[in-house]
Amino acid sequence: MTDKTSNQMWGGRFAAGPDAIMEAINASIGFDKRMAAQDIAGSRAHAAMLAATGIVSDSDASAMREGLLTVLSEIEGGKFQFSTALEDIHMNVEARLKDIIGEPAGRLHTGRSRNDQVATDFKLWVRDQLDAVDGALQALMRALLVQAEAGADWVMPGFTHLQVAQPVTWGHHMMAYVEMFARDLSRIRDARRRMNECPLGAAALAGTSFPIDRDMTANALGFDRPAANSLDAVSDRDFALEFLAAASICAMHLSRMAEELVIWSSAQFRFVALSDRFSTGSSIMPQKKNPDAAELIRAKIGRIFGANVALMTVMKGLPMAYSKDMQEDKEQVFDAADNIMLALAAMEGMVRDMSANVENLEAAAGSGFSTATDLADWLVRVLDMPFREAHHVTGSLVAMAEKKGCDLPDLSLEDMQSVHKNIREDVFDVLGVHNSVASRVSYGGTAPARVRAQITRWKEILA
């Protein structure tokens, strides 16, 4: 690319072309070529609108639209030669279009600017990622539903502070993650609805004097409406920030679940076995089966949250409207999109493949005095004891069991009556973990019947 050719990009404004350093810092083609399909879709919609409004001839618009399909074919086929001297995906596409169709290519940019063009391309790209994450979240939720349905009756310990608290069911625990990822799904869909306004036609910042039809291009590109303010349309990157914010929260949820899988698959817990597809071995310790996929998912939050902070920092001090700083908006979003999709796919695979160790879960569910709350509730319900007194009596019984080295169901009736004389034989009915979970019938509770009702509800929603 000669200096003369480079100068043509700038409309003759500069006497000499940018040197190598300026070219390197100014060019974005190295990463924004990922938006080639969106760029060409926007340009084809724009060309059709220019013809429909009489701004260009039908023949010129037809040549543009067909030529753009040829460019897209070359890019998708790996035959396109990208040029750093042409800065970005927009100029690369337009230059190649001129090679293919000649003079009509110069009319394509009528009534628009690279400012509204890049905003449109980027919105289209982010919208595609929102749709992809939507699908991946639904797939993960369905995998969790399969696990929940299989283990609606399996008992396991519920934890607070990672200490055994009360028995719950495996299905209940799986459904907790369904609810978490459902909120992520809601955020993704909410962000998509809000961002679905078309910037194209805002031009550089003030709109255009050409009689364009912005509703036509918005409709052609699947937007709900044109963006209402041209200044805002070219300077807005809220859609990218919302995607990163939603992805960050989703990655945090994935990280929490990954942490549980790391713990549960350890030799100390043995709650679950992860499949070989999502585990690795050790180079020197033949007994090891490492939950590497879960650990890598756990780490993704750093990259995704970092992308969110990075773009917030880029945007925080920018005046209206477009500034070149905004060229730094894409790489973080591209990286975050790649990693959230990878993390979701890996988690879905692990959830589908993992098998629960039902015996270990049940044994752990009954440890750590997990039915102490059931005992306190029984004292309130059957003996009409104030809860604070029941709490104290139960605490004394726990201390006794601890001293004897046994659990609450292992105490004799005489042991219990030595703490409170009115305790009866039927107290033992509430001390079993299965009775405990079956009694939690309040809405949202862990009782198997409640869990199955929630599974049915979510199956219907996802259907």
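The values are calculated or read from the model by the stated rules, or taken from the named source; none is laboratory data. Worth saying up front: this structure is predicted, and the values here are computed from it rather than measured. Virtual Cβ from ideal backbone geometry, glycine too; neighbours counted across all protein chains shown. These accessible areas exclude ligands, DNA and RNA; they are computed on the full protein's heavy atoms, side chains included. Shrake-Rupley method; radii C 1.70, N 1.55, O 1.52, S 1.80 Å.
Quick rundown of the values:
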{"read-out": "Reachable lysines from residue 404, criterion Cα separation under 23 angstrom, eight or more residues apart if same chain", "value": "421"}
{"read-out": "Average accessible surface area per residue within the chain, 1.4 Å rolling probe, Å²", "value": "47"}
{"read-out": "Computed [θ] at 222 nm, deg cm²/dmol, the chain (DSSP H ≥ 4; -39,500 (n - 2.57); rounded to nearest 500)", "value": "-20000 deg cm²/dmol"}
{"read-out": "Percent carbon-and-sulfur accessible area, region 364-462, ignoring ligands, DNA and RNA, probe 1.4 Å", "value": "53"}
{"read-out": "Size of electric dipole in the chain: Cβ of Lys, Arg +1 and of Asp, Glu -1, about Cα centre, debye, nearest 20", "value": "220"}
{"read-out": "Spherically averaged projected area of region 109-263 from its Cα convex hull (nm²)", "value": "11.0"}
{"read-out": "Over 22 Å between alpha carbons, listed pairs 79/324; 33/316; 33/324; 300/459", "value": "79/324; 33/316; 300/459"}
{"read-out": "Equivalent ellipsoid, the chain (semi-axes from 5 times Cα gyration tensor eigenvalues, Å)", "value": "62, 23, 19"}
{"read-out": "Dipole of the chain [Lys/Arg +1, Asp/Glu -1 at C-beta], most positive-end residue of 302, 383, 202", "value": "202"}
{"read-out": "Region 20-107 - percent of accessible surface contributed by carbon and sulfur, probe 1.4 Å", "value": "51"}
{"read-out": "Highest average packing first - 171-181, 253-263, Cβ atoms within 10 Å", "value": "171-181, 253-263"}
{"read-out": "Of every Cα-Cα pair in region 20-107, the percent that sits beyond 17 Å", "value": "48"}
{"read-out": "Centroid-to-centroid separation of region 224-267 and region 314-355 [C-alpha atoms, Å]", "value": "7"}
{"read-out": "Cα-centred dipole magnitude for region 175-259, charges only on beta-carbon of K, R (+1) and D, E (-1), debye, nearest 20", "value": "140"}
{"read-out": "C-alpha center-to-center spacing [region 29-107, region 159-220] in angstrom", "value": "30"}
{"read-out": "Protein accessible area in region 184-259, 1.4 Å probe - carbon and sulfur %", "value": "50"}
